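Novice: Here's a structure for you.
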Amino acid sequence: MQETWVRSLGREDPLEEDVATHSSILAWRVPGTEEPGELQSMGSKRVGHNSATSTSTSATSRPQLKKVALPYRCGQDRTDAIATCRFLVHVLWAAAWLPEAFSAAEKAACSCSKILRHEEFQDGCKAACNGPYDGKWSKTMVGYGPEDDHFVTELTYNYGIGSYQLGNDFLGITVASRQAVSNARKLKWPLSEMGDGVFETKAPGGYKFYLQDCSPPQSDPVLKVTLAVSDLQKSLNYWSNLLGMKIYEEDEKKQRALLGYADNQCKLELRAIPGKVDHATGFGRIAFSCPQKELSDLEDLMKRENQKILTPLVSLDTPGKATVQVIILADPDGHEICFVGDEAFRELSKVDPEGNKLLDDAIAGDKSDEWFAAQKKPKATG
């Protein structure tokens, strides 16, 4: 039973102190440091998003989502689940400088994590997985275990973008790992003690991890991902009533809520902030898997409810690997949400034993800094 560590997330949370004052927190696309001599990237910006359908509304109507009995991918009984079998699989950032990004991910919060796979693409993604950019890009998955049953981070790298502008949309990732805290201290990585055994650390690009100095749960050390929202009730209506997430905790006074699809999964935390949620150019995406046959039903639901669809149901190819189907949505604050068909995603997301080597080769072979220097041109800003 995973109830113990889920409850522990209800403690006095260090994020609460930041919400009212921060205007530039972790963006989903990791900006470069822009210091001389550091490796940056090569490419052009695509005009507009792939597609956007209807304008988002407050979704005041609350559809009755039926209960179904479906097999749960982690072996749990799903007969009491709302709507469908869904799994929070990863969050996406874009790195402006690969060595810096992986130093951050591995040495700071993911010190015990692994490179699960690395993939290179010659053209921009049809679902804007690499942002609104054309040209060569890469994707690297980093996590504590296989994507089939662990939450992971997807780092995308555009070979032409030197930096991204931070927004206030992404508030951090919380990880329970005594080893991560110990490793960060040994590496002299900056840590700020927030109290109650929680430490805040930042990657070079500015995004935050909250490390709990305790033993991790058996399921996954990554406890929650925190997003900023402008209207908590409006967001809860979207994420719970439309997307079928269970509300584990709701604190009206502190304007926060904790949601998830199952007890032993990484949770999604929503925190209200003053004013508008600003994604700037460093925005990213949060991804969920679900049975492929439900993707078209989800698309139809969003159309009926007049919700925003950034990319209608589309097939995405990965060279030499499985083709997956995805749909990209946007919540009331514009947070991008990807739903991917689980069956093909299981094939695509298998751990690649060559992942580390492929990443090392890509870093060594990236000559974009020399190219831009020879052309006497600056790198593009996202």
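Novice: Exactly one of these conditions fails for Tyr144: (1) more than 29 Å from Ile247 (Cβ to Cβ); (2) modelled with pLDDT of 80 or more; (3) of a type in the set (Ser, Thr, Tyr); (4) surrounded by fewer than 22 Cβ atoms within 10 Å (Cβ to Cβ). Give me its number.
Specialist: Only one criterion is unmet by Tyr144, namely (1).
Novice: Out of Tyr157, Tyr164, I need the residue that is open to solvent by less than 10 Å² (accessible area, probe 1.4 Å) and closer than 30 Å to Ile273 by Cβ. Which one?
Specialist: Numbers: Tyr164 fails: open to solvent by less than 10 Å² (accessible area, probe 1.4 Å).
Answer to the check: Tyr157.
Novice: Let me ask something additional. With out of contact with any helix residue (DSSP H, G or I) (no Cβ under 8 Å at 6 or more places or on another chain), modelled with pLDDT of 90 or more, open to solvent by 30 Å² or more (accessible area, probe 1.4 Å) and assigned to a strand (DSSP E or B) as the only criterion, which of Glu250, Glu193, Glu200 stands out?
Specialist: Working: Glu250 fails: out of contact with any helix residue (DSSP H, G or I) (no Cβ under 8 Å at 6 or more places or on another chain); Glu200 fails: open to solvent by 30 Å² or more (accessible area, probe 1.4 Å).
Going through Glu250, Glu193, Glu200 in turn, the sole match is Glu193.
Novice: Based on what the data block shows, is Pro274 in contact with a Ser or Thr (Cβ under 6 Å, 6 or more places away or on another chain), open to solvent by 10 Å² or more (accessible area, probe 1.4 Å) and not hydroxyl-bearing (Ser, Thr, Tyr)?
Specialist: On the way: in contact with a Ser or Thr (Cβ under 6 Å, 6 or more places away or on another chain): no; open to solvent by 10 Å² or more (accessible area, probe 1.4 Å): yes; not hydroxyl-bearing (Ser, Thr, Tyr): yes.
Considered against the rule, which asks whether it is in contact with a Ser or Thr (Cβ under 6 Å, 6 or more places away or on another chain), open to solvent by 10 Å² or more (accessible area, probe 1.4 Å) and not hydroxyl-bearing (Ser, Thr, Tyr), Pro274 comes out as no.
Novice: In region 154-169, how many are under 29 Å from Leu358 (Cβ atoms) and either at pLDDT 90 or above or small (Gly, Ala, Ser) (or both)?
Specialist: Qualifying residue count, region 154-169: 3.
Novice: Select the strands (runs of 3 or more DSSP E) contained entirely in region 293-344, then report the ones holding at least 1 residues which are touching a residue at least 24 places away in the same chain (Cβ under 8 Å) and open to solvent by 30 Å² or more (accessible area, probe 1.4 Å).
Specialist: Working: elements: 309-316, 324-330, 336-341.
In region 293-344, 309-316, 324-330 are the strands (runs of 3 or more DSSP E) which contain 1 or more residues that are touching a residue at least 24 places away in the same chain (Cβ under 8 Å) and open to solvent by 30 Å² or more (accessible area, probe 1.4 Å).
Novice: Provide a single number: the residues in region 317-334 that are touching an Asp or Glu at 6+ places or on another chain (Cβ under 8 Å) and of a type in the set (D, E, K, R).
Specialist: So the answer is 2.
Novice: If Gln233 satisfies all but one of (1) assigned to a strand (DSSP E or B); (2) open to solvent by 10 Å² or more (accessible area, probe 1.4 Å), what's the number of the condition it fails?
Specialist: Among (1) assigned to a strand (DSSP E or B); (2) open to solvent by 10 Å² or more (accessible area, probe 1.4 Å), Gln233 violates only (1).
Novice: Tell me, please, whether a residue that is more than 19 Å from Glu119 (Cβ to Cβ) and among the hydrophobic types (A, V, I, L, M, F, W, C) can be found in region 351-372.
Specialist: Looking only at region 351-372, we keep the residues that are more than 19 Å from Glu119 (Cβ to Cβ), and these are 367, 369-372.
Next, only the ones that are among the hydrophobic types (A, V, I, L, M, F, W, C) stay: 371-372.
Yes, region 351-372 contains at least one residue that is more than 19 Å from Glu119 (Cβ to Cβ) and among the hydrophobic types (A, V, I, L, M, F, W, C).
Novice: Need the failing condition index for Gly206 against (1) over 26 Å from Pro146 (Cα atoms); (2) open to solvent by 40 Å² or more (accessible area, probe 1.4 Å); (3) under 22 Å from the mean Cα position of the chain (by Cα), just the number.
Specialist: (2)
Novice: Take Leu211 and tell me if it is free of Cβ contacts under 8 Å to residues at least 40 places away in the same chain, in contact with a helix residue (DSSP H, G or I) (Cβ under 6 Å, 6 or more places away or on another chain) and in a strand (DSSP E or B). If you could, list the steps in order and put the result at the bottom.
Specialist: On the way: free of Cβ contacts under 8 Å to residues at least 40 places away in the same chain: no; in contact with a helix residue (DSSP H, G or I) (Cβ under 6 Å, 6 or more places away or on another chain): yes; in a strand (DSSP E or B): yes.
Judged against the criteria, Leu211 is not a match.
Novice: When the residues of region 148-190 are narrowed to those that are in a helix (DSSP H, G or I) and without any contact (Cβ under 8 Å) to a residue 40 or more places away in the chain, which ends up farthest from the chain's Cα centre (by Cα)? Steps first, answer last, please.
Specialist: Filtering region 148-190 for residues in a helix (DSSP H, G or I) gives 178-186.
Keeping just the survivors that are without any contact (Cβ under 8 Å) to a residue 40 or more places away in the chain gives 178, 181-182, 185-186.
On the way: Arg178: 23, Val181: 22, Ser182: 25, Arg185: 26, Lys186: 27 Å.
Here the answer is Lys186.
Novice: Kindly list the number of the only condition in (1) under 19 Å from the mean Cα position of the chain (by Cα); (2) within 18 Å of Gly131 (Cα to Cα) that fails for Pro312.
Specialist: (1)
The values are calculated or read from the model by the stated rules, or taken from the named source; none is laboratory data. Being a predicted model, the structure only gives us computed values, none of them experimental. Every residue, glycine as well, gets a Cβ built from its backbone with ideal geometry; the counts of neighbours run over all protein chains shown. What goes into the accessible areas is simple: the full protein's heavy atoms, side chains included, and nothing from ligands, DNA or RNA. Shrake-Rupley method; radii C 1.70, N 1.55, O 1.52, S 1.80 Å.
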